[in-house]
Every structure is written in C-alpha cells, then in structure tokens.
C-alpha cells in the first residue's frame, strides 16, 4: 500500500506545490516507498533481492505522476507547465 504514495503524492505535488518542493518531496516519497517495500519483502515470503525491480518501477512511475501533476497545474492556470 505504501507504493501508492509516490503515485498519488506525485500528482498532488505537481499540481499544488512549487516545482522545487515537488521534486524534492517526490524523491523522498520514492525513497521511503522503495525502502519499505524492499525491507518488508521477507515478511511476505520474498527475499530482498527478488524485489529490487520494484525500485526502478517506482522511480519511473513517480516521475510520470509528477509530470502529470505539472501538466494539470499548467492546464489549470492556462499556461504551459514546461515554461515555468
């Protein structure tokens, strides 16, 4: 469930926060989610090595969700989000 944090958080951060704050907090969200998922793998019958694919996937989806939030913010204000 913690893996959803970078996804929902990325969209909300991109939409509501400034770019610098959004990027820094999104990096923290991805790091926390990756650490919790990888660290709790043995409790769910997996080895820590078998879930290392989760971190790159979370990074990619976290970046995509942040870009979606920037795009929503740009549409809301009537400006291109990449121009900021």
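Whenever a residue of the stretch 15-37 is without any contact (Cβ under 8 Å) to a residue 12 or more places away in the chain, it has no partner that is surrounded by 18 or more Cβ atoms within 10 Å (Cβ to Cβ) and assigned to a helix (DSSP H, G or I) lying with C-beta atoms less than 7 angstrom away and at least six residues away or across chains. On inspection, residue 8 qualifies as surrounded by fewer than 13 Cβ atoms within 10 Å (Cβ to Cβ) and touching a residue at least 12 places away in the same chain (Cβ under 8 Å). Total residues in the stretch 21-45 satisfying the condition of being exposed (fewer than 14 other Cβ atoms within 10 Å of the Cβ) and either outside any helix (DSSP H, G or I) or more than 14 Å from the chain's Cα centre (by Cα) (or both): the figure is 6.
Every test in (1) in contact with a helix residue (DSSP H, G or I) (Cβ under 9 Å, 6 or more places away or on another chain); (2) at positive phi is passed by residue 45 save one, and that test is (1).
Bear in mind these aren't lab numbers, they're just calculated from the coordinates by the rules spelled out. Everything quoted here is computed from the prediction, not taken from an experiment. Neighbour counts are summed over all protein chains in view; Cβ atoms, including those assigned to glycine, are modelled from backbone coordinates with ideal geometry.
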